[in-house]
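J.: Got a structure for you, written out below as structure tokens; questions coming shortly.
The values are calculated or read from the model by the stated rules, or taken from the named source; none is laboratory data. Please read these numbers as outputs of a predicted model, since none were measured by experiment. Positions of Cβ are backbone-derived with ideal geometry, glycine not excepted, and every protein chain shown enters the neighbour counts.
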Amino acid sequence: MVRANTVVLLSIASSLIAGCASRAPLDIRDLPPTAAGSTSEHTIDRDNIGFYSTGDWRVSSSIDGFEGQDYLISKPGTGENVATWNLNIIRTFDVFAKWTSTQRRGSNVKFIVHHLDNNNNLVTETVTVDQRETGGQWFKLGTYRMSTLTGRVTVSNDADGWVVADAVLFRETGVTAPDEEVVTPTDDTDGDGIPDAWEVQYGLNPNDPSDAELDPDGDGLSNGDEHLFLTNPTTADTDGDFIPDGFEVSYGLDPTIDDAGTDSDGDGLSNYQEYQADTDPNDSNSTLPSNSVLLTWQAPTQRTDGSALAESEIAQYEIAYGQVSTSEERIIDNSSTAFNSYGGGRTSTGYGGFIGDDYFIMEPGSGEATAQWQVYELSPQTSYQLSGHWVSSGLRASNATYRYTYIDSNGKQVTATATVDQRSNGGTWQPLGTFETSDTSLVVEINNDADGYVVADAIKLDGAGGEEQTVLLEPTPYNSHVIHNLGTGEWQFRIRAIDTDGVEGEYSEIGVRTIE
């Protein structure tokens, strides 16, 4: 089913430059206040959907005059740090930017406006501003016709001083002046910014403004956002490319076009794989975490009996994975420095079949005598088989109880018990139980709270690797999956298909990766 070299993988668009301009600022008093709630203005601050940044930007609020709670700031560079305000509706806008000023700001900060020309071609205009001046004001970059999802403004740290990325204001042209009454459009009865017809189309209430903030499909976008981004508020994945709308919007992808197979940042991972890995599809430096593994495979074309299998007949894939044990068998005898006793007991050679030179024996009592083995340097996330060894006679306890304590996968201390009849099965290894620890140590104890003599001869640990886990996946066109949060060590992976009748195929060859 899977080629061995593809089972596990660890891990551009062009634009026309329309010109460059430098403009004087517009007095902030010429703009209606943002708080007035005008539906013709769209302020995108750094914590809003539509804004994203790549590279090294620092959050600051040290210089007054910014929009919202704070702003991002970047030291001078060559353009490797980029902030983007993404506009997602189609209209003509006056576009303004805001920053805070000091003499350390860049004098040649370049805002790049992505817009449509008269022939509906996507072009850009670079507007160079001096951020040493006009801080705290809305600076007009120009008037542009801007398209859904392609309309945006970017700024980078390609400047001779510190660059501020605070906020961008998109103000529709032809709106009312500040002293004129703002009238709610007649097609938006509840004034929530969503036309009545759109609300009715998708089953919302045109008389309830609160539903603009709801997210019925759970994709991370409110109904109001869905309207702006031209997505379906009842479907988490409008374009059906297996990437939720909210993820696409957050990272500047188009939620209305299938772009899952595209590698937007050229790092070798498709946008869909970036979604699975929870990395940034527009930043080639945003890579798969070191404790995660990307699995890829090819769909099988035939069944185990040799008959043809169409891809449409595959109902599910099952991935099985587990950690490979690197532990050798470990035997700890009563003569080891890892063995201790408390409250009584003695060594003996009275009966044969023991490990080493002798064995430790305790007279029956009420638990005042204890034998203990302390084990270290275990491998986390490895499953171990614990066995005990004793010598038998008719005077031995029928209810000798071993207790072993370890740290489970949730970080909690767990004590398990195993009660054995030491009157029989002497001279052989007897299983006491299995466990998987997230730590590297184990404590095993046995005491004399029993109905006969209790022998503490030796214990044995066999590493069996981590318990194999499985995950079921619905088929997608991309045949990939990311497994996260793996512990250090060697891991094995295999996969099989399950058809629409529930018939399971054979597992693939095993793929192996080591997590450092």
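J.: Does PRO76 meet the test of being at pLDDT 90 or above and in the same structural domain as PHE139 (by TED's automatic domain parsing)? Before the answer, list the steps.
T.: Details: at pLDDT 90 or above: yes; in the same structural domain as PHE139 (by TED's automatic domain parsing): yes.
Taking the combined requirement at face value, the residue satisfies it.
J.: Another question about this same structure. Give me the pairs, please: first residue somewhere in region 266-279 and over 16 Å from VAL249 (Cβ atoms), second residue anywhere and modelled with pLDDT of 90 or more and not in a loop (DSSP other than H, G, I, E, B), beta-carbon distance under 6 Å, and either six or more positions apart or on two chains.
T.: GLN273/SER480; GLN276/VAL482; ALA277/VAL482
Per-residue answers, yes or no, for (1) of a type in the set (Lys, Arg); (2) closer than 25 Å to GLU172 by Cβ; (3) within 33 Å of the chain's Cα centre (by Cα):
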site	(1), (2), (3)
PHE66	no, yes, yes
SER74	no, no, yes
ASN81	no, no, yes
THR92	no, yes, no
GLY106	no, no, no
HIS114	no, yes, yes
ASP117	no, yes, no
GLU125	no, yes, no
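J.: Filter the strands (runs of 3 or more DSSP E) completely within region 247-366 down to those with at least 3 residues that are more than 29 Å from the chain's Cα centre (by Cα), on the phi < 0 side of the Ramachandran plot and at pLDDT 90 or above.
T.: Numbers: elements: 293-296, 314-323, 330-333, 339-342, 346-348, 359-362.
Filter on region 247-366 gives 330-333, 339-342, 346-348, 359-362.
J.: With respect to GLU377, is the statement that it is outside any loop (DSSP other than H, G, I, E, B), under 33 Å from the mean Cα position of the chain (by Cα) and of a type in the set (D, E, K, R) true? Steps first, please.
T.: Values: outside any loop (DSSP other than H, G, I, E, B): no; under 33 Å from the mean Cα position of the chain (by Cα): yes; of a type in the set (D, E, K, R): yes.
So GLU377 fails the test.
J.: Tell me the strands (runs of 3 or more DSSP E) entirely within region 437-515 that contain at least 1 residues that are among the aliphatic types (A, V, I, L, M) and within 30 Å of ALA371 (Cα to Cα). Lay out the reasoning, then the answer.
T.: Details: elements: 442-447, 454-456, 458-465, 469-473, 480-483, 489-499, 511-515.
Counting at least 1 such residues, we get 442-447, 454-456, 458-465.
J.: If you scan region 396-423, which residues turn out to be assigned to a loop (DSSP other than H, G, I, E, B) and at pLDDT 95 or above? Outline the logic, then answer.
T.: Filtering region 396-423 for residues assigned to a loop (DSSP other than H, G, I, E, B) gives 397-399, 408-412, 421-423.
Matches in region 396-423: ALA397, SER398, ASN399, ASP421, GLN422, ARG423.
J.: Being under 22 Å from ALA450 (Cβ atoms), surrounded by 15 or more Cβ atoms within 10 Å (Cβ to Cβ), charged (D, E, K, R) and under 49 Å from the mean Cα position of the chain (by Cα) is the requirement here; does ARG423 meet it?
T.: no
J.: Can you tell me which of (1) closer than 26 Å to GLY55 by Cβ; (2) in contact with a strand residue (DSSP E or B) (Cβ under 6 Å, 6 or more places away or on another chain) is the one THR296 doesn't meet?
T.: Unmet for THR296, out of (1) closer than 26 Å to GLY55 by Cβ; (2) in contact with a strand residue (DSSP E or B) (Cβ under 6 Å, 6 or more places away or on another chain): (1).
Residue-by-condition table, conditions (1) polar (S, T, N, Q); (2) crowded, with 20+ Cβ neighbours inside 10 Å; (3) in contact with an Asp or Glu (Cβ under 7 Å, 6 or more places away or on another chain):
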position	(1), (2), (3)
ASP258	no, no, yes
TYR275	no, yes, no
THR279	yes, yes, no
ALA310	no, no, no
GLN316	yes, no, yes
ARG330	no, no, no
PHE354	no, yes, yes
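J.: Would you pick out the residues in region 226-245 that are under 24 Å from ASN282 (Cα atoms) and crowded, with 23+ Cβ neighbours inside 10 Å?
T.: Scanning region 226-245 gives GLU226, PHE229, THR231, THR238, ASP241, ILE243, ASP245.
J.: In region 189-221, how many residues are touching an Asp or Glu at 6+ places or on another chain (Cβ under 9 Å), in a loop (DSSP other than H, G, I, E, B) and surrounded by fewer than 19 Cβ atoms within 10 Å (Cβ to Cβ)?
T.: So the answer is 10.
J.: Working carefully through the options THR39, THR6, THR34, THR54, find the one that is out of contact with any Pro (no Cβ under 7 Å at 6 or more places or on another chain) and at pLDDT 75 or above. First the steps, then the outcome.
T.: Working: THR39 fails: at pLDDT 75 or above; THR6 fails: at pLDDT 75 or above; THR34 fails: at pLDDT 75 or above.
Exactly one of THR39, THR6, THR34, THR54 is out of contact with any Pro (no Cβ under 7 Å at 6 or more places or on another chain) and at pLDDT 75 or above, namely THR54.
J.: Could you grab me the full set of residues in region 440-481 that are under 30 Å from GLN276 (Cα atoms) and surrounded by 21 or more Cβ atoms within 10 Å (Cβ to Cβ)?
T.: Those that are under 30 Å from GLN276 (Cα atoms) and surrounded by 21 or more Cβ atoms within 10 Å (Cβ to Cβ): GLY465, GLY466.
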